[in-house]
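Here's the structure we're looking at; comments come further down.
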Amino acid sequence: MLRYHVTTFGCQMNAHDSERIRGMLEELGLGEAPELEQADVMVFNTCTIREKAESRLAAHLALAKTIKDADPGRLLAVGGCFAEVQRERLFEQFPQVDFAFGPGSIATLGEWLAVERNGGASGSFGTGAQRRFAAELPGRRERAFQAWVQISMGCNSVCSYCIVPTVRGKEMSRAPGEVLAEVESLAVEGVREITLLGQNVNSYGRDLTAVERTTFAELLRACNRVEGIERIRFTSPHPKDFRGDVIAAMAECDSVCEHAHLPAQSGSSRILRAMRRTYDRGRFLALVAEMRAAIPDLAITTDLIVGFPGETDEDFAQTLSLVEEAGFDAAYTFVYSPRYDTEAASLPGQVPEDVKRERIERLIELVQATANERNERRVGGVEQVLVEGRSRTDDSLLRGRTRRNTTVNFTGRSEPGELVAVEIEGATSTTLRGREI
C-alpha cells in the first residue's frame, strides 16, 4: 500500500481542506504515514497570509527534497494559498515539487495522482479547474466527535493587508440544503460539535438565489434543530457584518456556544481606515457591549496586528487600551508583514522591525494579563467540558474545551467525546485546570 503524509500550515479553513485531502487519498487506496520520511506521497497544504508560514514551508520543502533525492520515486505535491498565488515561483524555486493545486481545486490532486500512478505526466495538471467546495470531497476527521463544516469560500472584503480574496476568490456560499444535509449526516455518525467555516461567515447567503436565500442567523437556527449536535461554533466573522439577528440566534439557540472570535486588528480608528476594515474603534466596542448584554457569559477572542504602515506610538497605545476596554479572553497577535499584491505593501510609513518587536512584546504581556484575570474568575465554578484526549503536557490528565472555548486540563476517567462537568481549581492566561465531578 502506498502511504501519504499531509503537513498543514495556516488557518482553520486549511485544517478542513487537509481533512478532505486525507479522505480523498484514502478513498484512492492510500494509507497514512505518521512521519514525512515514511510517505510515498508528500503533501503540503500551504498558507501565504503571513511571511512566517512561507519561511516554514521553505524549510519543510528542503527536507522533502532530501527525501526525494534519496528515493526519486516519491511524489511531492503543494496545495493551498501559496500554491495558488505563487505557482510559477513555486516550480522555479522548488523544482522538487511534482504538482501544485489551489484551495478551490483540491480534487485535481486525486485526478493527478491517479494519472501519475498509471505512468502519466506531472506538472500543472488541473490548472484552471473550476472552483469546488472542499466539502464535496470525502473527509477523514481528526476526531470522530468534532467536525468542520464549510459554509462558504472566498471573501468580498477589501482589507488592504489581506491576500485572501486573491488566493481564494470572491465569496461563494454553499447551498443551505447541502450544509444542513452534511450536519444531519454528521449527527448520525456521532459528531457532537461542529464548527461552521467561512472567510466571513456573517455574510453567508447574500450571493444565493432568491429561492435558496438564507441568512447566517437562519443557518445557525437550522443547525441548532439537528438532533445530536450539542455544540455549534463558527469562524470567522467580520465585525462589520455582525448584526442583531446573529446575536439573537447565539443567545436563543442552546447548541450555539458562548464564544465569538471577533478580529479587531487594531484599536486605532485611523489605522482601521488604512486597513479598510469599514468600522472604527467606537463601533467595535459598541458591538462588544451589545453582544455581552445579550449573552452575559460570552467569551470574546480576537486578532491584533502591530506595526501596520503608519502606526504611531499613539495608534499602538489605542490598541493596548482596546484590549483593556474590550476585555478579550484571548488574542492572536501578529507582527505586520507586507504581502505581495496587497495595497498595504506599498503604503508609506513602514514601521521598523525593532519597533514592531518591542510593540508585540508589550501587547502580548497585556493580553496575557487580561486573559489571566478573566480565567481566574472561572475558578470555583463548574464548566461543561467536551473531552478531547490526554493533556499535551501531562499524560495523567485529560484535556478538553469549555463552551467558551477555553482549554481545561483535569483529572478524571471519561473518554474522548464525552461531555463532563469539571470543577475549576486553577487558571493561567491560556488554560484552566480542575477535576471531573
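Where a number appears in this text, it was derived from the coordinates with a stated rule and is not lab data. Every value quoted in this text rests on a predicted model; they were computed, and no experiment measured them. Heads up, the Cβs are rebuilt from the backbone with ideal geometry, glycines too, and the neighbour counts pull from every protein chain shown.
Is the shape of the range 296-437 rounded, prolate or oblate, going by the alpha carbon gyration tensor and its root eigenvalues a ≥ b ≥ c, with a/c under 1.5 for rounded and a/b larger than b/c for prolate? Verdict is prolate for the range 296-437. Could you pull out every residue, at least 5 positions away or on a different chain, whose amide H is within less than 5 Å of the one on Gln350? Hs are placed 1.01 Å off N in the peptide plane, and Pro or chain starts have none. So Gln350 has HN proximity to Gly310.
Taken about its Cα centre, the range 239-343 carries a charge dipole of roughly 380 debye when the Cβ of each Lys and Arg holds +1 and the Cβ of each Asp and Glu holds -1. Cross-link partners of Lys356 among lysines, defined as those whose alpha carbon lies under 22 angstrom from its own and excluding same-chain residues fewer than eight positions apart: Lys52.
Taking a ≥ b ≥ c as the square roots of the Cα gyration tensor eigenvalues, with a/c under 1.5 meaning rounded and otherwise prolate when a/b beats b/c, else oblate, which class fits the range 151-205? Because a/c hits 1.5 or more and a/b exceeds b/c, the range 151-205 counts as prolate. Within the straight-line cut-off of under 24 Å between alpha carbons, the lysines reachable from Lys170 are Lys240, sequence neighbours fewer than 8 places apart in one chain being disregarded. Rounded to 0.05, the FRET efficiency of the Ala210 and Asp297 pair, given R0 = 45 Å and the Cβ-Cβ distance, is 0.75. When the Gaussian network model of the chain links Cα atoms closer than 10 Å, the mean-square fluctuations of Thr214, Thr48, Thr393 top out at Thr393.
Placing +1 on the Cβ of every Lys and Arg and -1 on the Cβ of every Asp and Glu, with nothing else charged, gives the range 3-117 a dipole about its Cα centre of roughly 240 debye. Per-residue Karplus couplings for the range 180-190, computed as 6.51 cos²θ - 1.76 cosθ + 1.60 with θ equal to phi - 60°, are listed in order as 5, 4, 5, 4, 4, 5, 5, 4, 4, 6, x Hz, Gly and Pro entered as x.
With the charge dipole of the range 165-312 set up from +1 on Lys and Arg Cβ and -1 on Asp and Glu Cβ about the Cα centre, the Cα lying farthest toward the positive end among the listed residues Ala260, Ala210, Thr302 is that of Thr302. For the chain, the share of DSSP beta bridges that are antiparallel, to the nearest 5, is 35%.
For the chain, relative contact order (Cα pairs under 8 Å, six or more residues apart, normalised by length) works out to 10 percent. Its relative contact order, with pairs defined as Cα atoms under 8 Å and 6+ residues apart, puts the range 382-436 at 35 percent. Shown here for the range 1-82: GluC sites (Glu not before Pro) in loop regions (DSSP other than H, G, I, E, B) with at most 11 other Cβ atoms within 10 Å, namely Glu35. In order along the range 358-367, the Karplus-derived 3J(HN,Hα) couplings, from 6.51 cos²θ - 1.76 cosθ + 1.60 at θ = phi - 60°, round to 5, 5, 5, 5, 5, 5, 4, 4, 5, 4 Hz, and Gly and Pro are given as x.
Each Lys and Arg Cβ is given +1 and each Asp and Glu Cβ -1; about its Cα centre, the chain then shows a dipole of about 480 debye.
From the backbone phi of the range 158-175, what are the Karplus-calculated ³J(HN,Hα) couplings (6.51 cos²θ - 1.76 cosθ + 1.60, θ = phi - 60°) in whole Hz, Gly and Pro given as x? Computed from phi, the couplings for the range 158-175 are 10, 4, 5, 9, 9, 9, 4, x, 6, 8, 10, x, 5, 5, 9, 8, 7, 4 Hz.
How would the range 124-279 be classified by its alpha-carbon gyration tensor: rounded, prolate or oblate, with rounded meaning a/c under 1.5 and the a/b versus b/c comparison settling the rest? Oblate, since a/c reaches 1.5 and b/c is not below a/b. The local environment of Asn156, defined by Cβ-Cβ distances under 13 Å, has a net charge of +2 under the rule Lys, Arg +1 and Asp, Glu -1. Listed from fewest to most Cβ neighbours within 10 Å, the set Val188, Val387 follows the order Val188, Val387. Only one of (i) 1.09; (ii) 0.96; (iii) 1.24 was calculated from the structure for Rg/Rh (Cα atoms, Kirkwood Rh), and its label is (ii). Positive contributions from Lys and Arg (+1) and negative ones from Asp and Glu (-1), summed over other residues with Cβ under 10 Å from the Cβ of Arg140, come out at -2.
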